[in-house]
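Let me begin by presenting the structure, written as structure tokens, before commenting on it.
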Amino acid sequence: MRSTLESVQIWFSHNATAENVSTIGLIIVGLFLIISIYKLLKSFHITMVLFVLGLLCTGTFLYWVHNRNEPDFMSPAVEAVAGFLPKKGELRQLETPD
């Protein structure tokens, strides 16, 4: 039976491309960030945490409306408000002086 470290070393010897290694590095950094943010938010009052989460959800929703890259299950909600909010489009061509 192999140990976990030996299994990781064997996987890296077969699949160690720059993309795989950078992806694993980003996952590890992301986990450290999630843990540290969780510990930070535990020290705040619940109202502040809900306010920050509400801002993040609102910002994500508005980003989806602007770029129209929402997940499939959110399309009806985005369609309902897309007519009222600005969308990403072609840039305006400004007239330049001759």
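The values are calculated or read from the model by the stated rules, or taken from the named source; none is laboratory data. Since this is a predicted model, take the numbers as computed values, not measurements. Positions of Cβ are backbone-derived with ideal geometry, glycine not excepted, and every protein chain shown enters the neighbour counts.
Please enumerate the residues belonging to the range 25-75 that are in the same structural domain as Phe12 (by TED's automatic domain parsing), surrounded by 10 or more Cβ atoms within 10 Å (Cβ to Cβ) and not hydrophobic (A, V, I, L, M, F, W, C).
The answer is Gly25, Gly30, Ser36.
With respect to the numbered conditions (1) in a loop (DSSP other than H, G, I, E, B); (2) surrounded by 11 or more Cβ atoms within 10 Å (Cβ to Cβ); (3) aromatic (Phe, Trp, Tyr), which one is the sole condition not fulfilled by Phe12?
That leaves (1) as the condition not met.
Is the range 37-54 home to any residue that is outside any helix (DSSP H, G or I) and touching a residue at least 12 places away in the same chain (Cβ under 8 Å)?
Within the range 37-54 (the criterion being outside any helix (DSSP H, G or I) and touching a residue at least 12 places away in the same chain (Cβ under 8 Å)), the answer is no, since none of the residues qualifies.
Is it the case, given these coordinates, that Leu91 is among the hydrophobic types (A, V, I, L, M, F, W, C), loosely packed, with under 10 Cβ neighbours inside 10 Å and at pLDDT below 85?
Working: among the hydrophobic types (A, V, I, L, M, F, W, C): yes; loosely packed, with under 10 Cβ neighbours inside 10 Å: yes; at pLDDT below 85: yes.
Considered against the rule, which asks whether it is among the hydrophobic types (A, V, I, L, M, F, W, C), loosely packed, with under 10 Cβ neighbours inside 10 Å and at pLDDT below 85, Leu91 comes out as yes.
May I ask you to list the residues in the range 15-27 that are in a helix (DSSP H, G or I), at pLDDT below 80 and among the hydrophobic types (A, V, I, L, M, F, W, C)?
Ala18, Val21
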